[in-house]
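This report refers to the structure that appears directly beneath it.
The values are calculated or read from the model by the stated rules, or taken from the named source; none is laboratory data. Worth saying up front: this structure is predicted, and the values here are computed from it rather than measured. Here the Cβ positions follow ideal geometry from the backbone for every residue, glycine too, while neighbour counts run over all protein chains shown. We work out accessible area using only protein heavy atoms, side chains counted, and drop any ligands, DNA or RNA first. Shrake-Rupley method; radii C 1.70, N 1.55, O 1.52, S 1.80 Å.
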Amino acid sequence: MPVDNGSELLKYYEVYETIGSGGFAKVKLGRHILTGEKVAIKIMDKKDLGDDLPRVKTEMEAMKNLSHQHVCRLYHIIETASRIYMVLEYCPGGELFDYIVAKDRLSEEETRVFFRQIISALAYVHSKGYAHRDLKPENLLIDEDHNLKLIDFGLCAKPKGGLGYELMTCCGSPAYAAPELIQGKAYIGSEADVWSMGVLLYALLCGYLPFDDDNCMILYRKITSGHYKNPHWLSPASILLLNQMMQVEPKRRLTVRQLLDHPWVMRGYSSPVEWHSTRPLGHIDEDCITEMAVAFKRSKRSTVQLVSEWKYDQTTATYLLLLAKKQRGRPVRLRAEACGQEPTCSPLQDIQLKKSLHFGEDDDYDDDDEEAVCRGRGGSLVFPLDCYDDGSNVMPKNTQATRTPHKKPTCQSSDKRHGDIGYSPVIGQGKSRPRNGEKRQRARENKENLAVPDPDTNVFALPAPITPVANRKGRPNKAAPTTPVNNNVLNAPAGPPKDVSHRKPGEQQQSGHQGGLEGLAFSPERRSRSLDMAACPGDSAQKRKAGKVFGSLERGLDKVITMLTPSKRRGPRDTPRRIKAQYNVTMTSQTNAEQVLNQILRILPEKNVDFVQKGYTLKCRTESDYGKVTMQFELEVCLLQKPEVVGIRRQRLKGDAWVYKHLVEDILSTTSV
Ligand code: ADP
């Protein structure tokens, strides 16, 4: 396999700014050269992935088997010696999470539109034998037509005997996890998904989570009790539906099939949710084939043959992107100038890319130029869970014994039950099913590797995290407060204050009280982030190190893109940008941008937020006591047009979505803007 200098990707795609980042991946906007279609390119460095490589393979295999109007489509996989690129359908509307934050909460009517699409996606995914297991508003993206697309199948499971078979891996994001899952019981994937859908529905209707706490043990107790508050604005019908979905006892929960024509879901609609795919796998479109055959000077027959191999290579990508064009009512045409030749990296791109590999070992917070559109979220892993993301192993005593990094733990599984939606459940006919209580090894790809904890000693599958105090023992001393690279020295505008990289010296982040449950606080990025059972002590440090290498390569790629896109070569502005009010802009009542900027600059250190200032943009981040970046976001002071007031654009790049929401709200309210 050739060494990856990025040229393999650039043969087929133009690559632009970063639009998101997850636990493992950086996602960039791209353009498929042959069709001219925009795509999202998920870039993963194999070194960074380490033990999580199977998770990516799981995601790729699942996405190859899924083709649905509400599931993000996979077009192309490029694997090199060091990286994996997944080319995906581009969703320019951002995460559903950001949409909720912007709107505070959604009306019942708007929620219903989205929720019907979520049901449609899940009914389809379940009908294909998969449980998603990481449903949350960060994993639902909005496309250009304001429709939802489900992403992030890295934690999905496809039980060999069908979806009715029980699973064991405790994964997903704690705040969305079903009670049976966090208790370490065997569970049915589709039932756990319905619980998460209930949490999601609540988040849409209320703008906050039904079960929430910084302290993970308290959070788990809240979840297992199943008690949550129904705010006064919820209609009786919404209260009933939420209650039917968030039933602690999985068998009493609604099934996805029941959701399809549930009275709440049907209100204002004349038909049940359509869950069948309007773009089924394997369908061959005549027009696309004709265009490809003409462009590549092949017979139609051989083109059909080539496409039908579904290799997720350039052929698959070209076909699917042509089809996407057709579905949007655009001409089914390939770019003539790009056809008829073996795609190669242009000499300019090649030189620039090679240069880029030696670029930038700096540790700036964000490598994109100031106009890059970035969205992001905390990464998704499989949990067992250190509630602290600090590199220390915090498994509880009772589970630690069975979860050594080298030994695959065993688990119990019990009787099979038929898939709850029963469209075409793949029941393992003829296959012996695991008997109740029988221990067996779980497949690595599904990470079905959680040992059942001793019920006498711990009611939760998730370990009790160590207290911050215990945690700090023996941790490396942070010699000096973080001093981010100060880009301001070169680029300081005349208007806003000069260098303002801050962290209060000697200040520790608040981590809850000592001892008891009160001490068991989540690190900021953990609460609704999916977690990894296989996490081991060395992981974080290793990932940090690998991440730095990857980061620098990525910065290199960004640099190339900036060079290829001259309009983006501008430095920081000395005046605030004039923008239209959008859903990620907080409107203030003030008219003096500098004053607002200064207020934010004063407040950030008080909130333990490190930042780098570039003109009127503040690239912010928070860190754990161990120096791990827990959150990254941008705040930009800008001028709105109507009314002519100062606005603050906010953009989450990394970290727990709800923690980010609270922090930014806190900063902006304290700033009294
Ligand atoms: P990871 O698997 O590392 O968690 P994700 O697949 O969740 O990464 O992607 C990280 C973020 O990148 C998403 O939350 C989203 O903001 C952005 N993103 C991912 N896929 C797309 C896409 N197809 N279109 C637009 N943005 C995307």
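If you scan the stretch 42-57, which residues turn out to be within 9 Å of the ligand (Cβ to nearest atom) and open to solvent by less than 10 Å² (accessible area, probe 1.4 Å)?
Filtering the stretch 42-57 for residues within 9 Å of the ligand (Cβ to nearest atom) gives 42, 44, 55-56.
Answer for the stretch 42-57, where residues must be within 9 Å of the ligand (Cβ to nearest atom) and open to solvent by less than 10 Å² (accessible area, probe 1.4 Å): 44, 56.
Just checking, does the stretch 80-95 include any residue being acidic (Asp, Glu), touching a residue at least 40 places away in the same chain (Cβ under 8 Å), within 16 Å of residue 321 (Cα to Cα) and open to solvent by 10 Å² or more (accessible area, probe 1.4 Å)?
Keep residues of the stretch 80-95 that are acidic (Asp, Glu), which gives 89, 95.
If we keep only those that are touching a residue at least 40 places away in the same chain (Cβ under 8 Å) as well, we get 89, 95.
Those still in the list that are within 16 Å of residue 321 (Cα to Cα) too: 89.
Add one more test, that the residue is open to solvent by 10 Å² or more (accessible area, probe 1.4 Å), and what stays is 89.
For the stretch 80-95, residues acidic (Asp, Glu), touching a residue at least 40 places away in the same chain (Cβ under 8 Å), within 16 Å of residue 321 (Cα to Cα) and open to solvent by 10 Å² or more (accessible area, probe 1.4 Å): present.
Considering only the stretch 67-76, state which residues are open to solvent by 20 Å² or more (accessible area, probe 1.4 Å) and within 14 Å of the ligand (Cβ to nearest atom). Break it down into steps so the answer makes sense when it comes.
Applying the first criterion (open to solvent by 20 Å² or more (accessible area, probe 1.4 Å)) to the stretch 67-76 yields 69-70.
Correct list: 70 only.
Report the residue count in the stretch 1-30 for those that are open to solvent by 20 Å² or more (accessible area, probe 1.4 Å), within 26 Å of residue 296 (Cβ to Cβ) and within 13 Å of the ligand (Cβ to nearest atom).
Residues in the stretch 1-30 being open to solvent by 20 Å² or more (accessible area, probe 1.4 Å), within 26 Å of residue 296 (Cβ to Cβ) and within 13 Å of the ligand (Cβ to nearest atom): 0 in total.
Kindly establish whether residue 34 is assigned to a helix (DSSP H, G or I), modelled with pLDDT of 95 or more, more than 12 Å from the ligand (Cβ to nearest atom) and farther than 29 Å from residue 133 by Cβ. Outline the logic, then answer.
Numbers: assigned to a helix (DSSP H, G or I): no; modelled with pLDDT of 95 or more: yes; more than 12 Å from the ligand (Cβ to nearest atom): yes; farther than 29 Å from residue 133 by Cβ: yes.
So residue 34 does not fit the description; no.
Is it the case that the stretch 103-113 has a residue that's within 14 Å of the ligand (Cβ to nearest atom) and farther than 18 Å from residue 257 by Cβ? Can you show your working first?
Taking the stretch 103-113 and keeping what is within 14 Å of the ligand (Cβ to nearest atom), we get none.
Within the stretch 103-113, none of the residues are within 14 Å of the ligand (Cβ to nearest atom) and farther than 18 Å from residue 257 by Cβ.
For the stretch 145-164, give me each residue that is away from the ligand (no atom under 11 Å from the Cβ), crowded, with 24+ Cβ neighbours inside 10 Å and over 11 Å from residue 130 (Cα atoms).
Matches in the stretch 145-164: 148 only.
Going by what's in this entry, would residue 97 be described as within 30 Å of residue 586 (Cα to Cα) and either hydroxyl-bearing (Ser, Thr, Tyr) or near the ligand (Cβ under 10 Å from one of its atoms) (or both)?
Details: within 30 Å of residue 586 (Cα to Cα): yes; either hydroxyl-bearing (Ser, Thr, Tyr) or near the ligand (Cβ under 10 Å from one of its atoms) (or both): yes.
For residue 97, the condition - within 30 Å of residue 586 (Cα to Cα) and either hydroxyl-bearing (Ser, Thr, Tyr) or near the ligand (Cβ under 10 Å from one of its atoms) (or both) - is met.
Inspect all residues belonging to the stretch 218-228 and state whether any of them is open to solvent by 10 Å² or more (accessible area, probe 1.4 Å), part of a helix (DSSP H, G or I) and either at positive phi or touching a residue at least 60 places away in the same chain (Cβ under 8 Å) (or both). It would help to see each step written out before you state the result.
Of the residues in the stretch 218-228, the ones open to solvent by 10 Å² or more (accessible area, probe 1.4 Å) are 218, 221-222, 224-228.
This time we only want the ones that are part of a helix (DSSP H, G or I), so: 218, 221-222, 224-225.
Cutting the leftovers down to either at positive phi or touching a residue at least 60 places away in the same chain (Cβ under 8 Å) (or both) gives us 218, 224.
Looking for residues that are open to solvent by 10 Å² or more (accessible area, probe 1.4 Å), part of a helix (DSSP H, G or I) and either at positive phi or touching a residue at least 60 places away in the same chain (Cβ under 8 Å) (or both), one finds at least one in the stretch 218-228, hence yes.
Quick test of your reading of the structure: residue 61 fulfils all but one of (1) of a type in the set (Asp, Glu); (2) modelled with pLDDT of 90 or more; (3) under 28 Å from residue 328 (Cβ atoms); (4) within 12 Å of the ligand (Cβ to nearest atom). Name the failing condition by number.
(4)
For the stretch 81-90: of the residues being of a type in the set (A, V, I, L, M, F, W, C) and modelled with pLDDT of 95 or more, which is farthest from the ligand (Cβ to nearest atom)?
Within the stretch 81-90, the match that is farthest from the ligand (Cβ to nearest atom) is 84.
State which residue pairs qualify: first residue at pLDDT below 90 and inside the stretch 573-601, second residue of a type in the set (S, T, N, Q) and surrounded by fewer than 18 Cβ atoms within 10 Å (Cβ to Cβ) in any location, beta carbons under 8 Å apart, and separation of 6 or more residues or different chains.
578/641; 579/641; 580/641; 581/641
For the stretch 122-144, enumerate the residues that are away from the ligand (no atom under 12 Å from the Cβ) and under 14 Å from residue 193 (Cα atoms).
As a first pass, look at the stretch 122-144 and keep what is away from the ligand (no atom under 12 Å from the Cβ): 122-133, 135.
Hits for the stretch 122-144 are 122, 123, 124, 125, 126, 127, 129, 130, 131, 132, 133, 135.
When the stretch 294-323 is examined, which residues are found to be open to solvent by less than 20 Å² (accessible area, probe 1.4 Å) and assigned to a helix (DSSP H, G or I)?
Filtering the stretch 294-323 down to residues open to solvent by less than 20 Å² (accessible area, probe 1.4 Å) leaves 295, 303, 307, 312, 316-322.
Within the stretch 294-323, 295, 303, 307, 316, 317, 318, 319, 320, 321, 322 qualify.
Filter the stretch 131-144 down to residues that are surrounded by fewer than 24 Cβ atoms within 10 Å (Cβ to Cβ) and either in contact (Cβ under 8 Å) with a residue 60 or more places away in the chain or touching a strand residue (DSSP E or B) at 6+ places or on another chain (Cβ under 8 Å) (or both), then give me how many there are.
If we filter the stretch 131-144 for residues that are surrounded by fewer than 24 Cβ atoms within 10 Å (Cβ to Cβ), which is where we start, we get 142-144.
The next check asks that each one be either in contact (Cβ under 8 Å) with a residue 60 or more places away in the chain or touching a strand residue (DSSP E or B) at 6+ places or on another chain (Cβ under 8 Å) (or both); those that pass are 142-143.
Result for the stretch 131-144: 2.
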